[in-house]
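Everything on this sheet refers to the single structure shown next.
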Amino acid sequence: MSTNSLISPESLAQLSTPWVLLDCRPEAETFATGHLPGAIHADLDRALSTASDPGFNPALGGRHPLPEPSQWSRQLGAWGITPETLVIAYDAASGGNGAARLWWMLRASGHSRVAVLDGGIKAAQEIGLLLTQALSTPTVAPPDFFKSWTLPQVDLAAVDSLKNDATWKLLDVRSPERWRGETEPFDPVPGRIPGSLNQPWGENLAANGRFKKPEALRELYLALLDGTPADHLAVHCGSGVTACHTLLALEIAGLPGASIYMGSYSEWCRSGKPLGPERKPAIL
């Protein structure tokens, strides 16, 4: 591994330690068409969030709310994950589709033995790893993994307060066009949280689709922080998925401690809170 949180496809190909491999690409059909041998599908809507649960309301927690700890613990057990299990997550966007979200969820569960496949499935194929349609059956583990989320989070009320606090920075990692309010493909109204900065999550990656070197990421985020401590940074996106990619980049850069606003813009824009540029929020 190049860091504790990343594994290269070359290292994966040579790995002899037993592990659980989770495919975090959103579409089950894509997984069925072809995936890395031994992989289990980790569905974003069904396993990594409560977006498919009865009564789901994106105004309460955004489009991809976290599951309750007991629900997440049962899911980990169903995948055969114990506190000693090495977990490797991949997707089609070097972590941006859902693998970084799973990394954050496991880290927030107190599980340190988790890594994201650098470069994702494309990088694995580029070094000659073949795909399969064969399905793997995990060895079910006891569903008593953890009891609460432990990494820093901020909720809507906290964001409403800290957006005007000069000792904090609020970072939106969506595309510049979405942050500027020019377009919005997923939520009912375009805009941004007032006072937020923008640095798209894709800037964490080099031209080859793999993460930039730790020193390059450190330089990038120290410039953005501009003297603000990393533990006074709150990161969000549209629905709490790509924000985890930036939290992973901060970890790689040696700048841990930032909070995530999991509800993100998808919750904020439905809350009645002000939007920037000057737009009316969506009350749904």
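The values are calculated or read from the model by the stated rules, or taken from the named source; none is laboratory data. What you see is a predicted model; the values in this text were computed from it and never measured. Methodologically, a virtual Cβ is constructed for each residue, glycine included, from the backbone with ideal geometry; neighbour enumeration extends over all protein chains shown.
Would you please name the residue that is nearest to LEU233 (Cα to Cα), looking only at residues in the stretch 171-183 that are surrounded by fewer than 17 Cβ atoms within 10 Å (Cβ to Cβ) and touching a residue at least 40 places away in the same chain (Cβ under 8 Å)? Give the derivation first.
Keep residues of the stretch 171-183 that are surrounded by fewer than 17 Cβ atoms within 10 Å (Cβ to Cβ), which gives 176-177, 180-183.
Narrowing the set further to residues that are touching a residue at least 40 places away in the same chain (Cβ under 8 Å) leaves 180-181.
Values: ARG180: 20, GLY181: 22 Å.
Checking each candidate, the answer is ARG180.
I'd like the full set of residues that are more than 18 Å from the chain's Cα centre (by Cα), closer than 23 Å to VAL154 by Cβ and either among the hydrophobic types (A, V, I, L, M, F, W, C) or not assigned by TED's automatic domain parsing to the domain that holds ALA89 (or both), limited to the stretch 32-73.
PHE56, ALA59, LEU60
Step by step: first the residues of the stretch 1-21, then only those that are in contact with a Phe, Trp or Tyr (Cβ under 9 Å, 6 or more places away or on another chain) and farther than 16 Å from ALA123 by Cα, then the one that is surrounded by the most Cβ atoms within 10 Å (Cβ to Cβ). Which residue is that?
VAL20
Could you figure out which of (1) part of a helix (DSSP H, G or I); (2) surrounded by fewer than 12 Cβ atoms within 10 Å (Cβ to Cβ); (3) in contact with a helix residue (DSSP H, G or I) (Cβ under 9 Å, 6 or more places away or on another chain) isn't true of PRO142?
The number of the failed condition is (1).
Search the stretch 136-147 for residues that are over 15 Å from HIS111 (Cα atoms) and outside the structural domain of LEU22 (by TED's automatic domain parsing) and pair each with any residue that is in a loop (DSSP other than H, G, I, E, B) and among the aromatic types (Phe, Trp, Tyr) when their beta-carbon atoms are under 6 Å apart and the residues are at least 6 apart or on different chains.
Sorted first by the residue in the stretch 136-147, then by its partner, the pairs are PRO138/TRP79.
Which residue pairs have Cβ atoms under 8 Å apart, sit 6 or more places apart or on different chains, and have a first residue in the stretch 97-125 that is closer than 22 Å to TRP72 by Cα and in contact (Cβ under 8 Å) with a residue 60 or more places away in the chain and a second that is in a loop (DSSP other than H, G, I, E, B) and charged (D, E, K, R)?
Listed pairs, sorted by first residue: ASN97/ARG25; ASN97/ASP91; GLY98/ARG25; GLY98/ASP91; ALA99/ASP91.
Just to be sure I understand, how many residues within the stretch 10-42 are more than 22 Å from MET105 (Cα to Cα) and touching a Gly at 6+ places or on another chain (Cβ under 9 Å)?
Total meeting the criteria: 1.
Closer than 21 Å to SER161 by Cβ and outside any helix (DSSP H, G or I) - does that describe any residue in the stretch 245-256?
No, the stretch 245-256 contains no residue that is closer than 21 Å to SER161 by Cβ and outside any helix (DSSP H, G or I).
With the requirement that a residue be of a type in the set (A, V, I, L, M) and within 29 Å of LEU15 (Cβ to Cβ), what does the stretch 42-65 give you? Talk me through it step by step, then tell me what you get.
Of the stretch 42-65, the ones of a type in the set (A, V, I, L, M) are 42, 44, 47-48, 51, 59-60.
If the condition is that a residue be of a type in the set (A, V, I, L, M) and within 29 Å of LEU15 (Cβ to Cβ), then ALA42, LEU44, ALA47, LEU48 are the ones that fit.
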